[in-house]
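Visitor: Submitted below is the structure of interest, expressed as structure tokens.
The values are calculated or read from the model by the stated rules, or taken from the named source; none is laboratory data. Since this is a predicted model, take the numbers as computed values, not measurements. Positions of Cβ are backbone-derived with ideal geometry, glycine not excepted, and every protein chain shown enters the neighbour counts. In case anyone asks, the SASA skips ligands and DNA or RNA and just uses the protein heavy atoms, side chains included. Shrake-Rupley method; radii C 1.70, N 1.55, O 1.52, S 1.80 Å.
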Amino acid sequence: MQMEYRREIDGLRALAVLAVLGFHLDIPGFSGGFVGVDTFFVISGFLITSVIRGNLAAGTFRFSDFYSRRLRRLFPALFVTILATFFVGAFVMSPVAFGSLSYSAFAAVLSVSNITFWLESGYFEDSNWAKPLLHTWSLGIEEQFYLFWPAAMVFILTRGRKNIAPVLIITVAIAGVLLTEIWLQFAPGAAFFLLPFRISEFAIGAVLVWVPPDSIRFRSLRESGFVVGIAAIAVSVLLFDSLTRFPGAAALLPCVGAALCIYCGKSFVARLLLGNSSAVAIGRISYSLYLVHWPIIVFAKYYLLRDLTAVEVVLAIIVTFTLAILLYRYVEQPFRIKTSAKSFVGPKHISAAIAGCVFLFAVPSVSAQIDGWRWRLPQRVTQAESIALRDANYGGLDCDGVPCETGDSALPRVYVIGDSHARSLHAGLVNAFPRVNFIIYAPDGCGFYSTKYFASYTSTDAECRTQRERAFKEISQSDSPVIIFQLWSLYARLPHHPEGGVGGSLQSAGALAFSDFVSKQIADMKVQLGGRNIIVIGGLPRFANIGSPADCFSRPLQRLPCATSLKRTRTDLMNGDFNEAIAATPNKSFIWIDPFKYLCDSTRCRNLTPDGQTIYSDGDHLSVLGSEYLVALFRPIIAPELVNVSKPVVD
């Protein structure tokens, strides 16, 4: 049984894929464009459930037919994309990055990309810019959905009571949202990447099967319903960003919006906005667009070591659409359409698909085992290893536990508080101040620059709150100086909640407002802690978007300089602006150190020490030798501030 073709659904697909494309290209106004994926989930839930219910009613449903259509619809284009990405990666990626690509390609073939990327990191982390197949996480969720949903629907519709299906689906949707809200408290990565926390989005689309568009009697309701739906998606795209608590309850806005667009899709406004020929044409190639866009963006940024310019964004869009049209015309459609002998997928196609599958299964695992095909560039690997044998290690590697200490407890104490960036000072402090015991409180993603307000980017706030309370209590009982070091650009975007839950939360807008907030909070902290010396280290310049200097040196076709990088890229723009704003603050109550003054000139920042060792262990954390190098530069400023402790603390 064939479903009625609805042009506006293809138009809705176009809206979804353009939102994702705008988000990934950092186009202003698309900060929440990632909700396009949620729109796709709603559409899939509606279409798949419609097919199952309709075919069951007609007595024509067969699991073999269903999965045959799904395989022809999804896998040929996906396999070609993975092969092409793997091939390009072999020419441009370092062994470490290519090894990672190999694993993700293997995961994509097995439809478990979402699980793989969940185990590695979060969706919005900077390291994800080196993962050309990151976007296949959503395909993993969808393919896993197809494994159980048809069987569940067949069982409910053939064995259950009449009309029990929509009740169960609504229950699944509500339970899914509640479960996700709970999981976001302590495991946001799992809530983002795993199917149980996305099932509500499919269910929202599925329940529409029992409320057909013809049930709306009044045209005005149909028109207004569609307008509300499209507005909900637009608001999500405009106002959501990488710090939005998502999915959970926030995902209801775009998902319910998409559901309204489907339900009211026969309205005049829907036909005008989503049913026009341009929207429909883009919607038809939306799957191919989604497949090719992310590898193009990643490889461009990976090679250029920076964000794309406006002209390059336009070129990326042109290339994306060109490759998507080719993929749709010569791969997606021939495998998908079965209406004539000419377009039918014959034995040759099937053999080629099987061979491709074998290749995709075998090569990634083998290449990963041999460390990313190091044989591609033996001289570059040797060069990279010569500068990264020790210094590529994270500067806080030997700082175990919270807190960790650099010396004997009998030595004079100095407190270092902050996040993992503060912890990266460990190697340098040990080297520069051997007769000082630096006590480092630095749990990951935890803000320490205010005793009144709390901000955390970790998977759970509990650890951060516990360590903050412990650190501030211990510091208040001593006369020791305090050093504060954070990834300031991160906290500038986070909401700050009052300790104890008394009062409202604060959200800074821009570097100037955040620097003013930090200055006032540290001044208050100094008073509360008895007026002790406080040293604040500003944000570091960051190594472009991807990898580390060592990774840069080991890329096969790298022709751009690795020893320095642009000073004013988007990734370090906030840190630089924050540092300048703090430096301009009059009558500061603390000693200020700006790393940009030591590492940058007017246009570029160094990534290597004078003797050729990498300063960073990744995109922004100090390496062991980078920590030693930078703390040695800071020593003339830090040392005088330590002499007022009860025992001499400097050599």
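Visitor: Before we move on, is Leu119 of a type in the set (A, V, I, L, M, F, W, C), without any contact (Cβ under 8 Å) to a residue 12 or more places away in the chain and either open to solvent by 60 Å² or more (accessible area, probe 1.4 Å) or closer than 23 Å to Leu377 by Cα (or both)?
Guide: When the stated conditions are applied, Leu119 passes them.
Visitor: If you check Ile216 against the conditions, is it over 21 Å from the mean Cα position of the chain (by Cα) and under 18 Å from Val35 (Cβ atoms)?
Guide: no
Visitor: Quick one: in segment 307-338, of everything that is assigned to a helix (DSSP H, G or I) and among the polar types (S, T, N, Q), which residue is farthest from Val20 (Cα to Cα)?
Guide: Gln333
Visitor: Which one of Ser94, Ser111, Ser104, Ser31 is open to solvent by 30 Å² or more (accessible area, probe 1.4 Å) and under 30 Å from Tyr302 (Cβ atoms)?
Guide: Ser31
Visitor: Identify, by number, the condition in (1) touching a residue at least 60 places away in the same chain (Cβ under 8 Å); (2) open to solvent by less than 10 Å² (accessible area, probe 1.4 Å); (3) of a type in the set (Ser, Thr, Tyr) that Tyr491 doesn't meet.
Guide: For Tyr491, the failing item is (1).
Visitor: With the requirement that a residue be of a type in the set (Gly, Ala, Ser), touching a residue at least 60 places away in the same chain (Cβ under 8 Å) and either farther than 19 Å from Gly45 by Cβ or surrounded by fewer than 21 Cβ atoms within 10 Å (Cβ to Cβ) (or both), what does segment 198-242 give you?
Guide: Ser242
Visitor: For segment 422-455, give me the residue count where each residue is touching a residue at least 60 places away in the same chain (Cβ under 8 Å) and surrounded by 19 or more Cβ atoms within 10 Å (Cβ to Cβ).
Guide: The qualifying residues number 13.
Visitor: I've got another one for you. Answer yes if at least one residue in segment 518-538 is of a type in the set (S, T, N, Q) and modelled with pLDDT under 85, and no otherwise.
Guide: no
Visitor: Report yes if Val80 is within 22 Å of Phe106 (Cβ to Cβ) and buried (at least 19 other Cβ atoms within 10 Å of the Cβ), otherwise no.
Guide: yes
Visitor: May I ask you to list the residues in segment 1-23 that are more than 24 Å from Phe268 (Cα to Cα) and open to solvent by 10 Å² or more (accessible area, probe 1.4 Å)?
Guide: Met1, Gln2, Leu21, Phe23
Visitor: Mind checking which residues of segment 582-613 are modelled with pLDDT under 85 and buried (at least 19 other Cβ atoms within 10 Å of the Cβ)?
Guide: Gln613
Visitor: Any chance segment 268-288 includes a residue that's open to solvent by less than 20 Å² (accessible area, probe 1.4 Å), at pLDDT below 95, in a helix (DSSP H, G or I) and touching a helix residue (DSSP H, G or I) at 6+ places or on another chain (Cβ under 7 Å)?
Guide: Within segment 268-288 (the criterion being open to solvent by less than 20 Å² (accessible area, probe 1.4 Å), at pLDDT below 95, in a helix (DSSP H, G or I) and touching a helix residue (DSSP H, G or I) at 6+ places or on another chain (Cβ under 7 Å)), the answer is yes, since at least one residue qualifies.
Visitor: Also: Out of (1) surrounded by 21 or more Cβ atoms within 10 Å (Cβ to Cβ); (2) in contact with a Cys (Cβ under 8 Å, 6 or more places away or on another chain); (3) modelled with pLDDT under 85, what's the single condition that is false for Thr458?
Guide: Answer for Thr458: the failing condition is (1).
Visitor: With the structure loaded, tell me whether Asp419 is modelled with pLDDT of 85 or more, under 31 Å from the mean Cα position of the chain (by Cα) and surrounded by 17 or more Cβ atoms within 10 Å (Cβ to Cβ) or whether it fails that test.
Guide: yes
Visitor: So, in segment 35-47, how many residues would count as being open to solvent by less than 10 Å² (accessible area, probe 1.4 Å) and either modelled with pLDDT under 95 or not small (Gly, Ala, Ser) (or both)?
Guide: 7
Visitor: Do you know which residues across segment 187-231 are part of a helix (DSSP H, G or I), over 16 Å from Phe145 (Cβ atoms) and of a type in the set (Phe, Trp, Tyr)?
Guide: Matches in segment 187-231: Trp210, Phe226.
Visitor: Which of the residues that make up segment 299-321 are in contact (Cβ under 8 Å) with a residue 40 or more places away in the chain and either within 18 Å of Cys562 (Cα to Cα) or touching a Gly at 6+ places or on another chain (Cβ under 7 Å) (or both)?
Guide: Of everything in segment 299-321, those that are in contact (Cβ under 8 Å) with a residue 40 or more places away in the chain and either within 18 Å of Cys562 (Cα to Cα) or touching a Gly at 6+ places or on another chain (Cβ under 7 Å) (or both) turn out to be Phe299, Lys301, Tyr302, Tyr303, Leu304, Leu305, Arg306, Asp307, Leu308.
Visitor: Still on this model: Taking the condition of being hydroxyl-bearing (Ser, Thr, Tyr) and touching a residue at least 40 places away in the same chain (Cβ under 8 Å), how many residues in segment 258-277 meet it?
Guide: Qualifying residue count, segment 258-277: 2.
Visitor: Scan segment 542-564 and report the pairs whose first residue is closer than 30 Å to Trp488 by Cα and acidic (Asp, Glu) and whose second residue is at pLDDT 75 or above and open to solvent by 30 Å² or more (accessible area, probe 1.4 Å), with Cβ atoms within less than 7 Å and a gap of 6+ or a chain change.
Guide: Close Cβ pairs (under 7 Å, with a partner that is at pLDDT 75 or above and open to solvent by 30 Å² or more (accessible area, probe 1.4 Å)) amount to Asp551/Val96.
Visitor: Condition first: exposed (fewer than 15 other Cβ atoms within 10 Å of the Cβ) and more than 20 Å from Gly205 (Cα to Cα). Now tell me which residues in segment 50-66 satisfy that.
Guide: Residues satisfying the conditions are Ala58, Gly59, Thr60, Arg62, Phe63, Ser64, Asp65.
Here's the yes/no breakdown for (1) touching a residue at least 12 places away in the same chain (Cβ under 8 Å); (2) open to solvent by less than 60 Å² (accessible area, probe 1.4 Å); (3) within 18 Å of the chain's Cα centre (by Cα):
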{"position": "Thr158", "(1), (2), (3)": "yes, no, no"}
{"position": "Ile164", "(1), (2), (3)": "no, yes, no"}
{"position": "Thr171", "(1), (2), (3)": "no, no, no"}
{"position": "Ile174", "(1), (2), (3)": "yes, no, no"}
{"position": "Glu181", "(1), (2), (3)": "yes, yes, no"}
{"position": "Phe186", "(1), (2), (3)": "yes, no, yes"}
{"position": "Ala190", "(1), (2), (3)": "yes, yes, yes"}
